[in-house]
Amino acid sequence: MKQIKESFELNGSTLTLETGKLAPHADVSVFASLGDTCVLVTLVIGDERSDIDYLPLSVDYQEKLYAGGIIKGSRWVKREGRPSDMAVLVSRLIDRGIRPMLPKTLRQDIQIIATLLSYDGEHSPDIITAHAASAAVAFSRLPASGIIGTTRIGVMGENNDFIINPSEDQQITSALDLVVTSTKEKVIMIETGADIVAEEVILNGIEKAVQENRKFIDFVENASKNFDSPKLPVTPNVKTEELTAEVEKKFGVSIEKFTRQKAEHKQDDEGEIERAINEIVSKFEDKYDSKLIKGVVNSLMEKQVRKVVLSDGKRIDGRDMNEIRPIVIEVPILPRTHGSALFQRGETQILSVTTLGALSLEQLIEGPEGKEAKRYMHHYSDAPYSYGQTGRLFGPSRRAIGHGALAEKAIEPVLPTSEEFPYAIRVVSEILSENGSSSMGSVCGSSLSLMDAGVPIKHAVAGLALGIITDGNDKYFIMSDITGLEDFGGEMDFKIAGTRDGITAIQLDVKNSGLTMKMINEIFAKAKEGRVFILDKMDVMLSKPRPKTSQYAPLVAILIPPEDKIGEIIGPGGKNIRSITAKTGAEINITDDGKVSISGISRESVEQAKILVQNVYRVMQVDEEFTGKVIKILPFGAVVEIMSGKEGLLHISRLGKGFVKNVEDVVKEGDTVVVKIAEVDPRGKLSLALVRKVE
């Protein structure tokens, strides 16, 4: 590939793109650097596939720990393992921007691999990678319909001042993390996390991002003039066209019928739908591949959905455009979990379960930027039965990781701080039945489950997905709370979650050429109307967090002792902390910042452990009395343990009123005695005086 080196000013820094220098066997290689963050993006176009009916694009983002100067912490495994959740999310972000720009009929294998090579802790690798991937597509033989740019927007201050591509430090304090991929005129992809930010602020941020993207698109357009590779031809599949005409002629009426049945998802009709599809396959499988036949049937179903909406102005299941499916809520539903809720909207059914634990159970994440602790974890789980299918159980798919991260992002802004609620929190959303917007259903279920667990969240959170169908011109219909078929047959999946006061999370995917700002403004208005409707339904069942955590949840207490007392609390070789744990049954953990976390199922055990830990660093007062045990006899006195981990010297001169020649004439090892504090020296050492022996 031709070697070029071009630079672009990006928010005060210089983004440099080099092609052809690295990975020369790739069709396109782009080495992108911003500051000292460097990413290599390669694009390879493989052979044409005749066995599939979809665009075979794969995008993989690889984090290398060496990029941040880190060796993996595991003692046994030093090589990077499976992609982290963050790597999966970056892969999805790039894929969702590029995929709509490529022809759906393209059947060449396309693989984009992005590798993080160097990370400076300031410039976000995901934005640099998105820029490099966009450039790689533009420089390649792929017949993309346009060039895209990606910009992150943050906000600061009371006036919600926008920050273009904020640094990593600025992102920590920003109330908004808005990532927008767009062409010069239309929005292709949005990913957002927000601290309950008003719709107007985010809408203005999207417009600002599109403006910034235009600058990058102009830069790539100019750089593309260096490459004169002919684009791959996009030719219709003759077999597909022939088969479509035959199927439509013979089974058009049947397809219309079971499309409506599938949309309504009437249980009694499910067998009839499957039989109808299998009948079509059997009629043509001697001439065409069964996968191709099913793909054609699905395309005709998609066409039917669009026809009903565009021609009749109605949805395939008869709902109004803004109508939310029936909602059923049950809180709680499980007897021994810490919190649970069943949320069902139409045939999308989610069981969300909350588990509370000590802060020591936070998830430790290791990446090029170092180690990070996650206190709140949301996991999305969709087994094959939720789709009415059979299949093998593997780990979470990329889709499941993405949906879990979206719900996590939606809930995080309303969570109490660890000081307000000293627990690690895990929510699992079990998808029991899937028919549209299960990720948004899991947001609703998680909000209810957390409140049921007694987690003092600031506000309830709800979400829904909206779809759109256009005629390619100015006519379009926006649909609230889309079903699976409307998602499949429509042109976007626009998920928006938030409270009554603002937005906490957004995820947008499109299958068309993008959305105008006029469309997005309308979508935001409909989303807020639908969100408030769902929150009203949730409030009927549970409007605020329960006053107490479950009787089955652990109790947690946090102590912040003086820094110089941590060693005493632990004791030599951990002796003291083990002793307290053995006596009370509570679990004690000390964090790197010096906080002592005490947890246990029994309130009594936690309180007892709390007192014992506090006693280690409490300030002793002269004349204060304690009952203790003689643990050692010395020639000049006895050592008395007055509480766990706290000892004092009972000098021979303070054993009685008169002269004592031998310590053991008065006390012996193992005796229980009542003593008082005679002196406390500047280092905290205690001198004791005998009050009496306990016989």
>> Order these by the 10 Å Cβ neighbour count, fewest first: CYS444, CYS38.
In response: CYS38, CYS444
> Based on the Cα gyration tensor of region 4-224, what are the three equivalent ellipsoid semi-axes, each the root of five times an eigenvalue, rounded to whole Å and given largest first?
Replying inline: 27, 23, 17
> Where the centre of each part is set by its Cα atoms, how far does region 197-254 sit from region 141-160, in angstrom?
Replying inline: 16
> What are the lysines whose alpha-carbon lies under 17 Å from the alpha-carbon of LYS693, with same-chain residues fewer than 8 places away excluded?
Replying inline: LYS629, LYS632, LYS657, LYS668, LYS676
> Can you give me the Cα centroid spacing of region 375-440 and region 526-605 in angstrom?
Replying inline: 22
> Using the reciprocal of the averaged 1/r over all distinct C-alpha pairs, how large is the Kirkwood radius of region 554-618 in Å?
Replying inline: 11.5
>> What distance in nm separates the two pseudo spin-label positions at THR516 and LYS104, each 7 Å out from Cα along the beta-carbon direction?
In response: 2.2
> For the residue pair SER145 and GLU199, what label-to-label distance in nm results when each label sits 7 Å from Cα along the Cα-to-beta-carbon direction?
Replying inline: 2.7
> Given a Förster distance of 25 angstrom, what is the FRET efficiency for LYS283 paired with SER50, based on the Cβ-Cβ distance and rounded to 0.05?
Replying inline: 0.70
> Could you give me the ³J(HN,Hα) list for region 664-672, computed from phi with Karplus coefficients 6.51, -1.76, 1.60 and θ = phi - 60°, whole Hz, x at Gly and Pro?
Replying inline: 6, 6, 10, 10, 10, 4, x, 5, 9
>> Nearest 10 degrees is fine. How inclined is helix 125-139 to the longest principal axis of the chain, computing both from alpha carbons?
In response: 20
>> Compute the helix-to-body angle for 575-584: its Cα long axis versus the longest principal axis of the chain, expressed 0 to 90° and rounded to tens.
In response: 80
> Considering only the other residues whose Cβ falls under 10 Å of the Cβ of LEU364, what net charge follows from Lys and Arg at +1 and Asp and Glu at -1?
Replying inline: -1
> Angle, helix 199-224 long axis vs. longest principal axis of the chain, Cα atoms, 0 to 90°, nearest 10?
Replying inline: 60
> Among (i) 32.2, 118; (ii) 25.1, 84; (iii) 30.0, 98, which is the computed Rg and Dmax of the Cα atoms in Å?
Replying inline: (i)
> Using +1 on the beta carbon of Lys and Arg, -1 on that of Asp and Glu, and nothing else charged, what's the dipole of the chain about the Cα centre, debye to 20?
Replying inline: 1280
> What's the extension gain from GLU302 to LYS64 if we count 0.36 nm per residue and subtract their Cα-Cα distance?
Replying inline: 81.6 nm
> At ARG399 and ASP218, where each label point lies 7 Å from the Cα along Cα→Cβ, what is the point-to-point distance in nanometres?
Replying inline: 4.1
>> If I take R0 = 35 Å and measure r between the Cβ atoms of ILE71 and LYS575 in this structure, what FRET efficiency does the formula 1/(1 + (r/R0)^6) give, to the nearest 0.05?
In response: 0.60
> With charges only on Cβ, +1 for K and R and -1 for D and E, what is the dipole size of region 461-588 about its Cα centre, in debye, rounded to 20?
Replying inline: 720
> Using the alpha-carbon centroid of each, what span in Å lies between region 303-330 and region 1-25?
Replying inline: 47
> What do you get for Rg/Rh of region 175-269 when both radii come from the Cα atoms and Rh is the Kirkwood radius?
Replying inline: 1.22
>> Just to verify a number: FRET efficiency for LYS78 and GLN551, C-beta to C-beta distance, R0 = 51 Å, to 0.05?
In response: 0.70
> So what are region 24-70's ellipsoid semi-axes, whole angstrom, largest first, if each one is the square root of 5 times an eigenvalue of the alpha-carbon gyration tensor?
Replying inline: 30, 13, 9
> Hey, fewest Cβ within 10 Å first, where do ARG500, ARG336 land in order?
Replying inline: ARG336, ARG500
>> To make sure I understand the rule: partners must be lysines, Cα under 20 Å from the Cα of LYS287, and not fewer than 8 residues away in the same chain. Which ones qualify?
In response: LYS239, LYS249, LYS250
> Considering only VAL675, ALA453, HIS338, whose Cα is most displaced toward the positive end of the charge dipole of the chain, charges sitting on Cβ of Lys, Arg (+1) and Asp, Glu (-1)?
Replying inline: VAL675
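Rule-based calculations on the coordinates, nothing more; no lab input. This is a predicted model, so every value here is computed, not measured. Quick reminder, even Gly has a Cβ in these numbers, built from the backbone with ideal geometry, and neighbours come from all protein chains shown.
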